[in-house]
Amino acid sequence: MLFRGSRDLIPLYALYALLFAEHGLNTAQISSLLALWSVTAFVLEVPSGAWADTVSRRNLLVLSGALVLAAFTLWTVAPSYLGFATGFVLWGVSSALESGTFEALVYDDLVARGEPAVYPRIMGYARAAAEGAVVVAILAATPLYAWGGYALVGWSSVAIAAVHVLVALSLPSAPKAASVDDLTDDVPDAVATVPGHPVVPGDARAQAAAADRSGVLARYLTMLRTGVGEAIRVRRVRNGVLLGALLFGITAYDEYFALLAQSAGAPTVVVPLLVGLTVVGSLTGSLLAGRTARLSARVIAAGVAVGGVLFIGGALIAGLATDRPDAVYLLTGVGFTAIGIGYGLVLNAEVVAESRLQDAIEGPARATVTSVSGLLSEVVSLVIFGFVALATVWLSMAATLALLGVVMLAIAALTPAWLPPRLVRAEVAEQA
């Protein structure tokens, strides 16, 4: 929790777009920086996951924190387009290194302790810590800027990023829950033969020996092929990867909550409060993941469906305020409360789905498999962004978000078949 919280407790989050504009960047230049950031993380998502399965995951998380520290330091000491662009590249690499690596490290540490059943609760708390930290950072940015301008905001962010590196150094270095020797018959072709060292397909021990002889690069390629192979070939893992990507990717709609409030006629000073209702929902959903992890797939699916209905209703109710300025506070309050509950239900299901995916992974490339899901969630998010950009040409923001609620209903229909089953050992461990 402290690792995730310290990573997102960055006051610059609230003001970096204004910082760029303050130093002469126009909208197109700022958009190009955001695109550079996104593309960097997107391209490196899966390769970095394989690297996390090859070397020390804790060391990679330390490196990830150091890159963020370097990015914010560069923004503070060299506020120019080149400095901002370089910082975004560093931040994108950092995000790719952290994605999947942290989840795999936590899961393997819990397996080593004999407590894999507590994973969904811990990850729920970690997710809530991250979301809460963002809120605190945004609120802290106002007084920091008032006291010392962008310089104080920047150096405060650098200091917190340095604390994050120290927290990363304190993380456990758990043995991996599986090794190359543990490849199951479900993924006989997941590990490719190392050139120059022919091995018998399915002979995991020989494959591991060949990889060791070929060095780190060969082991890296082994892990990359293993993880991608397991994510594609093993049905329960493939389903978990896809479901997790859909559940997390669809939440890209949260980028438009402020625009929904604004379009409904809510005063600017009220918009943060309305968005705050959705944050309360997401925090609650994340915190309850430990309690809902044992529920059946049908119950989880029902929760997602209820969340979709509430989301649709909340968006439409908030949209009614456009033509009812006399009732703007009532309608937006009710609407955003419903959206917040729906948002929380979907995030709760996403944490449960991610924990079931971790249980389903049997090969050694845990971080790689998780990164495949992360990559696909980025694809879903990009589709959401494109859809909203096109739909709002003809539809209101309320109607557009309501349509995304319909997508949540479709995801709910897939959940019973795609959510990986619970493991008996996890339930026994929790009762012990």
- Message: Condition first: farther than 26 Å from VAL306 by Cα and in contact (Cβ under 8 Å) with a residue 24 or more places away in the chain. Now tell me which residues in region 364-420 satisfy that.
- Response: PRO364, ALA365, ARG366, ALA367, THR368, VAL369, THR370, SER371, VAL372, LEU375
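Here's the yes/no breakdown for (1) closer than 19 Å to VAL237 by Cα; (2) within 19 Å of the chain's Cα centre (by Cα):
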residue: GLY374; (1), (2): yes, yes
residue: VAL380; (1), (2): yes, yes
residue: VAL383; (1), (2): no, yes
residue: VAL388; (1), (2): no, no
residue: ALA391; (1), (2): no, no
residue: TRP394; (1), (2): no, no
residue: ALA399; (1), (2): no, no
residue: MET408; (1), (2): no, yes
residue: ALA413; (1), (2): yes, no
- Pairing a residue in region 53-66 that is under 21 Å from GLY87 (Cα atoms) and part of a helix (DSSP H, G or I) with any residue that is open to solvent by 40 Å² or more (accessible area, probe 1.4 Å) and not aromatic (Phe, Trp, Tyr), where Cβ atoms lie under 6 Å and the two sit 6 or more apart in sequence or on different chains, gives VAL62/LEU169
- Item | Residues being surrounded by 24 or more Cβ atoms within 10 Å (Cβ to Cβ) and either more than 32 Å from the chain's Cα centre (by Cα) or in a loop (DSSP other than H, G, I, E, B) (or both) - total across region 318-346 | 1
- Would you say GLY49 is under 27 Å from LEU169 (Cα atoms), open to solvent by less than 50 Å² (accessible area, probe 1.4 Å) and out of contact with any Gly (no Cβ under 6 Å at 6 or more places or on another chain)? no
- Message: Suppose we filter region 234-280 for residues that are open to solvent by less than 20 Å² (accessible area, probe 1.4 Å) and free of Cβ contacts under 8 Å to residues at least 12 places away in the same chain; how many remain?
- Response: 0
- Of the residues that make up region 354-370, is at least one within 30 Å of ALA218 (Cα to Cα), among the acidic types (Asp, Glu), in a helix (DSSP H, G or I) and touching an Asp or Glu at 6+ places or on another chain (Cβ under 8 Å)? yes
- Note on the structure: Given the conditions (1) surrounded by fewer than 24 Cβ atoms within 10 Å (Cβ to Cβ); (2) closer than 15 Å to ILE411 by Cβ; (3) within 20 Å of the chain's Cα centre (by Cα), every one holds for ALA349 apart from (1)
- Query: With respect to the numbered conditions (1) surrounded by 21 or more Cβ atoms within 10 Å (Cβ to Cβ); (2) in contact with a Gly (Cβ under 8 Å, 6 or more places away or on another chain), which one is the sole condition not fulfilled by THR40?
  - Reply: (1)
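The values are calculated or read from the model by the stated rules, or taken from the named source; none is laboratory data. Please read these numbers as outputs of a predicted model, since none were measured by experiment. Here the Cβ is made from the backbone with ideal geometry for all residues, glycine too, and neighbour counts use every protein chain on show. Ligands, DNA and RNA are stripped out before the accessible areas are found, and what is left, the full protein with its side chains, is counted by its heavy atoms. Shrake-Rupley method; radii C 1.70, N 1.55, O 1.52, S 1.80 Å.
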